[in-house]
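What follows is a short report on a single structure.
The values are calculated or read from the model by the stated rules, or taken from the named source; none is laboratory data. This structure is a prediction, so every number in the text was calculated from the model and none was measured. All Cβ positions, glycine included, derive from the backbone under ideal geometry; neighbour counts span all protein chains shown.
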Amino acid sequence: MWLKRSFLLTLAGAGALAGLAACSPVAALNALAPSGTHTLTEGVAYGPGPRQRLDIYRPTQAAPAGGWPVVVFFYGGSWNSGDRGDYGFVGEALASRGMLTLVADYRLYPEVRYPDFLRDSAAALAWGLDQAATLGGNPQRVFVMGHSAGAYNAAMLALDPRWLSATGHAPQALAGFIGLAGPYDFLPTTNPDVKPVFFHPDYPPDTQPLQLATRGAPRSFIGAALKDDLVDPQRNSVALAQRLQALGVPVTLRLYERVNHMTLAGAFGRPLRWLAPVLSDVAGFVDNAPVATAAARR
């Protein structure tokens, strides 16, 4: 899990764990997330496997004309760990700002290695594109979003047409890409968890989002901690933002001072929003993004 002991101490320092001292960090954030901002539908299948499931956070506020914007979110964990139920606080946060949010699981190592988790992510995103209107969302305002390894998944779907094309869609069907603390240029790697996922040292070709950026990429929001000991923000987030901007893609880049790799995601939780305005920044990006340039439906 990406949520380490330091995250729990941050929560405690914020005074958020009164009565919740025995909880894990994510349990505390989820316990403190309001339930009145959304309705939750859990465990919806987007594929046949037990890890091919997603949870739907539907805003309780009235939908705008055309439907709510839709955000499909992928969590991190070095492609080795993670569970959609741990990210209810993210789903609640986005839904509270008027975004129909899908939090998706995907298969992990050692069950699979690259690129099978991308195939799962593409299937989940395609499900969101296909079902957006049925759920009350706007199929022309669908965003792919992720944190850490999940931001890599999201970036690959947004920048490399191989993955969505297998589902009958294209990156041009997306209104935007939102990447938080993502690894976009990380090979060769010294991370022992990541090495077997990408067949170290025999890395497959075309695995790095930075090298796959094109002029046709969706407009992008790229956020990171200013100091990140796990994923270098300059090599990854700043470099990808600069590459996309050089190609003429509209990019919003935000580097946050009071967070680290883990608490950047934790700042979506209500007790930690004082750390960084990442929720407000993402919501502003979504609210101001125009509709996708291509039809979202098959």
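Okay, here's what the table says:
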read-out: Matching residues in segment 49-62 - criterion: being under 22 Å from PRO34 (Cβ atoms) and out of contact with any strand residue (DSSP E or B) (no Cβ under 8 Å at 6 or more places or on another chain); value: GLN61, ALA62
read-out: Restricting segment 92-126 to residues that are more than 16 Å from the chain's Cα centre (by Cα) and in a helix (DSSP H, G or I), the residue that is farthest from GLY76 (Cα to Cα); value: SER96
read-out: Count - residues of segment 87-105 that are touching a Pro at 6+ places or on another chain (Cβ under 9 Å) and of a type outside the set (A, V, I, L, M, F, W, C); value: 6
read-out: Pair list, Cβ under 8 Å, 6 or more apart: segment 168-197 residue free of Cβ contacts under 8 Å to residues at least 12 places away in the same chain, other residue surrounded by 15 or more Cβ atoms within 10 Å (Cβ to Cβ) and of a type in the set (A, V, I, L, M, F, W, C); value: THR189/PHE198
read-out: Residue in segment 126-138 that is free of Cβ contacts under 8 Å to residues at least 24 places away in the same chain, within 30 Å of PRO59 (Cβ to Cβ) and surrounded by 15 or more Cβ atoms within 10 Å (Cβ to Cβ) present; value: yes
read-out: From the options ALA132, ALA122, ALA126, ALA158, residue that is aliphatic (A, V, I, L, M), in contact with a His (Cβ under 7 Å, 6 or more places away or on another chain) and either farther than 26 Å from SER280 by Cβ or modelled with pLDDT of 95 or more (or both); value: ALA126
read-out: Candidates GLY150, GLY82, GLY146, filtered to the one that is touching a residue at least 24 places away in the same chain (Cβ under 8 Å), in contact with an Asp or Glu (Cβ under 9 Å, 6 or more places away or on another chain) and either outside any helix (DSSP H, G or I) or closer than 25 Å to ALA289 by Cα (or both); value: GLY82
read-out: Candidates THR252, THR214, filtered to the one that is among the β-branched types (Val, Ile, Thr) and not in a loop (DSSP other than H, G, I, E, B); value: THR252
